[in-house]
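Contents: one structure, followed by commentary.
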Amino acid sequence: MEISGTELVYFSPTGTTRRVLNGIAKGLGYERVGMLDVTMTQSREWGEGVGDADNVVVIGAPVYAGRVAATAAERIKQLEGKGRAAVVVVVYGNRDYDDALLELSDLAKAAGFVVVAGGAFIGEHSFSTDECELAVGRPDEVDANAAVSFGEQVRGKLDGLSGLGDVEGVGLPGNAEYKDGMSVNDMGPSTDEGKCGMCGICVEVCPVDAISMEGFELKTDMQKCILCGACVRECRVGARALDDERIEGIRQRLKAGCEVRREPEVFV
Ligand SMILES: Cc1cc2nc3c(=O)[nH]c(=O)nc-3n(C[C@H](O)[C@H](O)[C@H](O)COP(=O)(O)O)c2cc1C
Ligand code: SF4
Ligand code: SF4
């Protein structure tokens, strides 16, 4: 079937989901590639943003507690698929993606897309630190090649279809009764005031506007914070840290239980 271009739609606070989607776009091979980054609250109109009617839309989100990150889910619900083909992609930190891929597919269908394929890829865990490395460096070259190859497989499938009416359901793993996601949160990164130069970068990169500057003080609204790690990664002087002891506990459990390298899985 005729597809005119690729639109990448992603929520990606620490950038791994975005990188995986770029690889998939390369494999799809359509000349025109558009991007709708729904990570920040000031993103352009989400509903309208998926481009031409004959685009294939690649929708990517990170896995949080075995589910689609809730903020991503809220934003994906606002898209208007209008019968466009969609590829759903979750990126997780080498523990597991549990029900997230199925959930993302359900979200895409509810928003009016026809899901033609799905994939689960691995990205450096948002909680990874120099002292406790979790899936560091991923997606790496092997993952990048897998993303391109997935895009090529999807292109082959699309080229072989006469229309989206031919698409049979894609069997994706996961339970229809999704596992419980993250419970209400009262944690967030701390700021080392001795290091912080009040540059404001963390305020700009926070996907949920949880950080504010009040006079010469940086405040984090722990009820709003989704623990995404963007401010920690982007602070150039290392003043932000996810060092709550409960997060440190999770880190240690992940380190002990998720050492075995997991590989991308695709469903075409
Ligand atoms: C709050 C939170 C919960 C997470 N839960 C999981 C999980 O259940 N399984 C997993 O393997 N990785 C989990 N991760 C890791 C992310 O899925 C992973 O780091 C992903 O690559 C982040 O995507 P991004 O770089 O696009 O933000 C979690 C990360 C955060 C911040
Ligand atoms: S990015 Fe770092 S230095 Fe800049 S305001 Fe935030 S904590 Fe301070
Ligand atoms: S304050 Fe929380 S939600 Fe905002 S960027 Fe930092 S970790 Fe992410």
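The values are calculated or read from the model by the stated rules, or taken from the named source; none is laboratory data. Given the structure is predicted, the values throughout are model-derived calculations rather than measurements. Here Cβ is always computed from backbone atoms with ideal geometry, including for glycine, and neighbour counts include all displayed protein chains.
Some points to look at:
- Selection of first residues in segment 27-53 that are closer than 15 Å to Glu80 by Cα and of second residues that are among the β-branched types (Val, Ile, Thr) and at pLDDT 75 or above, restricted to Cβ pairs under 7 Å at least 6 apart or on distinct chains, gives the following pairs, ordered by first then second residue: Leu36/Val9; Leu36/Val50; Val38/Val9; Trp46/Val38; Val50/Val9; Val50/Val57.
- The single residue among Asp130, Asp106, Asp140, Asp96 that is more than 16 Å from ligand 1 (Cβ to nearest atom) and either without any contact (Cβ under 8 Å) to a residue 12 or more places away in the chain or under 25 Å from Cys231 (Cα atoms) (or both) turns out to be Asp106.
- Consider segment 141-170 and keep the residues that are exposed (fewer than 14 other Cβ atoms within 10 Å of the Cβ) and in a loop (DSSP other than H, G, I, E, B). The one that is farthest from the chain's Cα centre (by Cα) is Ser162.
Residues are listed down the side, and each one gets a yes or a no for (1) away from ligand 2 (no atom under 16 Å from the Cβ); (2) surrounded by 11 or more Cβ atoms within 10 Å (Cβ to Cβ):
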residue: Leu172; (1), (2): yes, yes
residue: Asp192; (1), (2): no, yes
residue: Met198; (1), (2): no, yes
residue: Ala230; (1), (2): no, yes
residue: Gly257; (1), (2): yes, no
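- The single condition from (1) out of contact with any helix residue (DSSP H, G or I) (no Cβ under 6 Å at 6 or more places or on another chain); (2) among the hydrophobic types (A, V, I, L, M, F, W, C); (3) within 10 Å of ligand 1 (Cβ to nearest atom); (4) part of a strand (DSSP E or B) that Ala72 fails is (4).
- Criterion: outside the structural domain of Tyr64 (by TED's automatic domain parsing) and within 13 Å of ligand 1 (Cβ to nearest atom) - qualifying residue of Ala230, Ala176, Ala239, Ala256: Ala230
- Against the test of being closer than 17 Å to Val38 by Cβ, within 16 Å of ligand 3 (Cβ to nearest atom) and acidic (Asp, Glu), the options Glu74, Glu124, Glu103 yield a single qualifying residue, Glu74.
- Filter pass, Val50 being among the β-branched types (Val, Ile, Thr), more than 19 Å from Gly171 (Cα to Cα) and modelled with pLDDT under 95: yes
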